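The values are calculated or read from the model by the stated rules, or taken from the named source; none is laboratory data. Computed from a predicted model, the values in this text were never measured in an experiment. Counting neighbours? That spans all protein chains shown, and the Cβs are built from the backbone with ideal geometry, glycine included. Surface areas here come from the heavy atoms of the whole protein model, side chains and all, with no ligands, DNA or RNA. Shrake-Rupley method; radii C 1.70, N 1.55, O 1.52, S 1.80 Å.
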Amino acid sequence: NNHVEKRIGTEEAFKYIKLAKKEICGGLPHLEKFLQDLLDQGGEGIILRDPHAPYRPGRNTGYLKHKVHE
């Protein structure tokens, strides 16, 4: 997240922004545990990114949002 902090400043400078930690997925069991741990901490879901997809602003087929609905 260091490159993001260089562009927008540290997260302490923002009241409602917290930078998400990058986590490389190690397979389905890792993903399931990571998501469950996140939900146990009050999180809503995760966004998965294809590491080979180029960055494009807006909606992007290289991203998948997985959000839990109650």
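List every residue pair whose Cβ atoms sit under 7 Å apart, with the two residues 6 or more apart in sequence or on different chains, where the first one lies in the stretch 44-65 and is without any contact (Cβ under 8 Å) to a residue 40 or more places away in the chain and over 16 Å from G26 (Cα atoms) and the second, anywhere, is of a type outside the set (V, I, T) and open to solvent by 100 Å² or more (accessible area, probe 1.4 Å).
That search, which allows pairs on different chains as well, returns G45/K65; G62/R49; Y63/R49.
Can you tell me which residue within the stretch 41-70, out of those that are small (G, A, S) and more than 14 Å from the chain's Cα centre (by Cα), is surrounded by the fewest Cβ atoms within 10 Å (Cβ to Cβ)?
Ranking the qualifying residues of the stretch 41-70, first place goes to G58.
Filter the stretch 22-35 for residues that are of a type outside the set (V, I, T), in a loop (DSSP other than H, G, I, E, B) and either in contact (Cβ under 8 Å) with a residue 12 or more places away in the chain or loosely packed, with under 11 Cβ neighbours inside 10 Å (or both) and give the result.
Residues satisfying the conditions are K22, C25, G26, G27.
Which residue, of L19, L38, is surrounded by 10 or more Cβ atoms within 10 Å (Cβ to Cβ) and either at pLDDT below 85 or assigned to a strand (DSSP E or B) (or both)?
Just a single option satisfies the conditions, and that option is L19.
Taking G26, is it under 17 Å from H69 (Cα atoms) and not aliphatic (A, V, I, L, M)?
Here the answer is no, as G26 does not meet what is asked.
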